[in-house]
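Here the structure comes first, spelled out in structure tokens, and everything after it is commentary.
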Amino acid sequence: MAYRFYLFFSLSLLLLTHSPSNSQSNQFCEAGIGYGEVGCGLSSSTKLLIKGGTVVNAHHQEVADVYVEDGIIVAVKPDLKVTDDVKVIDATGKFVMPGGIDPHTHLAMEFMGTETIDDFFSGQAAALAGGTTMHIDFVIPVNGSLIAGLESYEEKAKKSCMDYGFHMAITKFDDSVSRDMEIMVKEKGINSFKFFLAYKGSLMVNDELLLEGLKRCKSLGALAMVHAENGDAVFEGQKRMIQLGITGPEGHALSRPPLLEGEATARAIRLAGFVNTPLYVVHVMSIDAMEEIAKARKSGQRVVGEPVVSGLVLDDSGLWDSDFATASKFVMSPPIRAAGHNKVLQGALSNGVLQLVGTDHCVFNSTQKAFGIDDFRKIPNGVNGIEERMHLVWDTMVESGQISINDFVRVTSTECARVFNIYPRKGAIIAGSDADIIILNPNSSFEINARSHHSRTDTNVYEGRRGKGKVEVTIAGGRVVWENNELKVVPGSGKYIEMPPFNYLFSGIDKADASYLSSLNAPVKRSKSTT
């Protein structure tokens, strides 16, 4: 008992150190207490019935009960009868949906001389409070080594409290990296590799490396991902701003305008087309990048565009705030764009040009952001969103009538599960799927602020935003972890989800290659000339 008290005290102290408040909503369960133990406030039942709600999948909705046993959905039918040992949740008048899947996060990431303030416990706890039940994080190689990078992230993820998967970044390319990519795909459950076209001098790759990486991804059935900004031009833009005496956060946006995002997006798309492999463009932030994706998709190229919630709902006005602490919290890459870009991105999401919504949750507190108080180039890049995404997409896209409720499920969960090849285990409420479920009340409202959020950062880029549609219950792995505004999570209870290669985007690639080869009409047979 004394040991448990010590663990609880230690964890509470850690949270108080990093968290803006010690409100009841920010209290977590102590490390070392497992699911089902009374001390954690968690039900010991492994059986659960969600009764009377409207069950919403990406292509269908119906009023039905959902019965869960041992973390798996067993039945989805009206008027299910259960025994007394089953926990019952009344969802009448509410929507029962698959838990959100965030395809783009950076937890415990070492970057720009510091580390993101949210780790695999606090970040995931925040996600669960916001209705996200799985995320996919980016493994950064250690000195270019994929194996060392994965080992580092496996250690970081030991404190996970919800399911997660990994993408892998590629920062160099040689025979050892090529071999390690195969190990990642065939043995480690990683089916996507990210190439940074920005961050010159650290993560950035050139076109030669990108081409080699695209070819290797294709051979392995892995999805190539790009952070699309022209890093060489951004470097020049940064020098230009400093020469002009622009050192504040506004210089960040001015140094990397939309045309540099559009150029890099177009270049990556064309190179992926040259190799004939699918491409996933992360954090699409501008009209320029979106138009390149639209053009490619119209031509039949297999390109997935991922807007992030900050790009959908914010504009760049905050970067010009006279208070540095306020302005710096909006610094991310690519930058949040001028008003108008967000509205066009919303339209692209509603008409299918963009397919799914991530967050690029990569948070630093105000002390860390202050590293760049005299030079915007030293402000750690990143904003929050892992807790806010589901609410903001609902309020911005569903309440406005831009997308349907079914489309909400598609862009926040199902399409991610399909793209990363884990559907229907994830992203669906059907018999046999994992019991990752949310109950959303469309008539309830939410308010976002740093005092009550569950991230460890002391700021929030959506501070003060209010809207309709609130996640009232989150169920992860068949366990109720968020209910009555109380979070009940356990470090170490999350599972690593392996993601197999060759998702649906690869279907028919071999036939397209064969058609291309047959169309060449080459080599031409020629008689040798004589002299």
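The values are calculated or read from the model by the stated rules, or taken from the named source; none is laboratory data. Only a predicted model underlies this, so the values are computations on that prediction, with no experimental measurement involved. Using ideal geometry, Cβ is built from the backbone for each residue, glycine included, and neighbour counts are taken over all protein chains shown. Accessible surface is based on the protein model in full, side chains and every heavy atom, while ligands, DNA and RNA are left aside. Shrake-Rupley method; radii C 1.70, N 1.55, O 1.52, S 1.80 Å.
Principal axis analysis of the Cα atoms in the chain yields extents of 97, 55, 47 Å, listed in decreasing size.
Among the trypsin sites (Lys or Arg not before Pro) in segment 38-125, those located in a DSSP loop and surrounded by at most 16 other Cβ atoms within 10 Å of their own Cβ are Lys81.
Placing +1 on the Cβ of every Lys and Arg and -1 on the Cβ of every Asp and Glu, with nothing else charged, gives segment 324-459 a dipole about its Cα centre of roughly 300 debye. For helix 231-243, what angle does its Cα long axis make with the longest principal axis of the chain, in degrees from 0 to 90 and rounded to 10? Approximately 80 degrees, to the nearest 10.
Relative to the longest principal Cα axis of the chain, at what angle does helix 287-298 sit, 0 to 90 degrees, rounded to 10? Approximately 80 degrees, to the nearest 10.
Cβ neighbours within 10 Å, averaged per peptide: list 100-109, 384-393 in order, most packed at the top.
Result, highest mean Cβ count within 10 Å first: 384-393, 100-109.
Considering only Phe235, Pro257, Ala222, the residue lying farthest towards the positive end of the dipole of segment 207-267 is Ala222, judged by Cα position with unit charges set on Cβ. On the basis of the beta-carbon distance and an R0 of 45 Å, Asp374 and Val82 show a calculated FRET efficiency of 0.10.
The distance from the alpha carbon centre of segment 481-531 to that of segment 269-283 is 10 Å, rounded to a whole number.
With both labels modelled 7 Å from their Cα along Cα-to-Cβ, the Lys495 to Glu154 distance reads 1.8 nm.
Thinking of segment 174-255 as a set of Cα atoms, what percent of all their pairs are more than 17 Å apart? Result for the distance tail: 55 percent. Modelled this way, with points 7 Å down the Cα-to-C-beta line, the labels at Asp315 and Arg270 are 3.2 nm from one another.
Given a 1.4 Å probe and every protein chain left where it sits, what share in percent of the accessible area of segment 265-313 is carbon and sulfur?
51 percent
When only alpha carbons are used to place a centre, segment 51-129 and segment 155-225 end up 28 Å from one another.
Helix 175-187 versus the longest principal axis of the chain: what is the Cα-based angle in degrees, 0 to 90, to the nearest 10? The answer is roughly 40 degrees. Using Cβ point charges alone (K and R +1, D and E -1), the dipole size of the chain about the Cα centre works out to roughly 1300 debye. Taken per residue, the accessible surface of the chain reaches 40 Å², heavy atoms only and a 1.4 Å probe.
Could you tell me the relative contact order of segment 437-523? Use alpha-carbon pairs under 8 Å, at least six residues apart, and round to a whole percent.
On the way: 80 pairs, mean separation 20.0, N = 87.
Relative contact order for segment 437-523 comes out at 23 percent.
Computed over segment 280-430, the quotient of the alpha carbon radius of gyration and 2.2 N^0.38 Å is 1.10. Across the chain, C-alpha contacts under 8 Å between residues 6 or more apart give a mean separation that, scaled by the residue count, equals a relative contact order of 22 percent. Annotation for Asn351 and Glu486: the two label points, set 7 Å from Cα along the Cα-Cβ direction, are 4.8 nm apart.
Put the Cα centre of segment 417-438 next to the Cα centre of segment 313-351 and the gap is 32 Å.
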